[in-house]
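These notes are about the structure you will find just below.
Bear in mind that the values in this text are calculations on the coordinates, not laboratory data. On a predicted model such as this, the values are computed, not experimentally measured, just so you know. All Cβ positions, even for glycine, are placed from backbone atoms using ideal geometry, and neighbour counts span all protein chains on display.
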Amino acid sequence: MVLSSKDKANIKTAFGKIGGHAADYGAEALERMFLGFPTTKTYFPHFDLSHGSAQVKAHGKKVGDALTKAADHLDDLPSALSALSDLHAHKLRVDPVNFKLLSHCLLVTVAAHHPGDFTPAVHASLDKFLANVSTVLTSKYR
Amino acid sequence: MVHFTAEEKAAIASLWAKVNVEVARGESLGRLLVVYPWTQRFFDNFGNLYSESAIIGNPKVQAHGEKVLTSFGNAVKHMEDFKGTFAKLSELHCDKLHVDPENFRLLGNVLVVVLAHHFGKEFTPDLQAAYQKVVAGAANALAHKYH
């Protein structure tokens, strides 16, 4: 699903508004995902998953930073995410179904924090963006 | 069968009581049609679905959205028996409407996003988790009579 120029504009604007909160939103989305979809916890047996966990905060920052970088490289996601793509394919091997779950929780988080900006069009663009990122991250799985 | 603790049931019902169905009615169905445009395939006779504003403002979308939300509200009142509550609707969606049950999952998640949008921080991760169980239960119940 291709990102139109309107999608790209929406995504850039959204990330501009998210700004320095990307790390916090990453952590919140992870917490929402672990609570809403408990099967996702199977990938983090080594983590303290309790509320406020430092490990979840740190991991949320990783997720937030990666998405911010992706939003800056919309015309070349495969290149920008190549290392992460390798990591997910060869080391982490997170089942592809889970990307949808985290993507959903990221949308929920952004919607909760940006009521004025989260219009249906922006919602659609961000959903497409996250789907594209997910596709790139699973592109080397087989 | 979906299991809810007493606290979850109370929290779910309490939030739902605050949902302004008149305001929300266009939103969930409307956002489904905007974010996942292929779902428009079921609404050829709804008229103007050519733009985001046309979809959200479309009176048929709003009317149908209200039906859907009201039905959902009914499910919230009968959380011990989603399958019973949705049995007739399940048959209808299979035999007459021919809707792929995947669409119920999509709509359920759009509803969760709309709730987050409306309630902000009040829609905590715990409350979201409870609602994920509701929408999953509803989607499964709506698919249950498919054959």
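Details
- Rg and Dmax of segment A:29-74, both derived from C-alpha coordinates alone, stand at 11.9, 34 Å.
- Qualifying chymotrypsin sites (Phe, Trp or Tyr not before Pro) for segment B:37-123 [loop in DSSP, other Cβ within 10 Å: at most 15]: B:Tyr50
- The 3J(HN,Hα) values that the Karplus relation (6.51, -1.76, 1.60; θ = phi - 60°) gives for segment A:75-92 are, in residue order, 7, 8, 4, x, 5, 5, 9, 4, 5, 5, 5, 4, 4, 5, 6, 9, 10, 6 Hz. Gly and Pro appear as x.
- B:His144 sits among other residues whose Cβ lies under 12 Å from its own Cβ, and their net charge, with Lys and Arg +1 and Asp and Glu -1, is +1.
- Hz values of 3J(HN,Hα) by residue in segment B:102-113 - Karplus curve (6.51, -1.76, 1.60), Gly and Pro given as x: 4, 5, 5, 5, 4, 5, x, 5, 5, 4, 4, 5
- Compactness of segment A:75-142 is given as radius of gyration and Dmax, 13.3, 41 Å, from Cα positions.
- Multiplying the residue separation of B:Glu7 and B:His98 by 0.36 nm and subtracting their alpha-carbon distance yields 29.1 nm.
- Globularity index of chain B, i.e. its alpha-carbon radius of gyration over 2.2 N^0.38 Å: 1.02
- Efficiency of FRET between B:Val68 and A:Phe44 - r from beta-carbon atoms, R0 41 angstrom, step 0.05: 0.70
- Note on A:Ser4/A:Asp65: beta-carbon distance plugged into 1/(1 + (r/R0)^6) with R0 of 22 Å gives a FRET efficiency of 0.30.
- Estimated vicinal HN-Hα couplings, Hz - segment A:127-132 in sequence order (Karplus 6.51, -1.76, 1.60; Gly, Pro = x): 4, 5, 4, 5, 5, 5
- Among the trypsin sites (Lys or Arg not before Pro) found in segment B:61-147, not one is both in a DSSP coil and sparsely packed, with 15 or fewer other Cβ atoms within 10 Å of its Cβ.
- Stokes-Einstein diffusion of segment A:11-142 at 20 °C, 1.002 mPa s viscosity, Kirkwood radius from Cα pairs, rounded to a whole number: 143 µm²/s.
- Restriction of the trypsin sites (Lys or Arg not before Pro) in segment A:1-104 to DSSP coil positions whose beta-carbon has at most 16 other beta-carbons within 10 angstrom yields A:Arg93.
- Build a GNM of chain A with springs between Cα atoms under 10 Å apart, and of A:Ser85, A:Ser53, A:Ser103 the one that fluctuates most is A:Ser53.
- For the peptide A:122-130, the mean number of other protein chain Cβ atoms found within 10 angstrom of a residue's Cβ is 3.
- The mean number of partner chain beta-carbon atoms within 10 angstrom of a residue's beta-carbon across peptide A:46-59 is 0.
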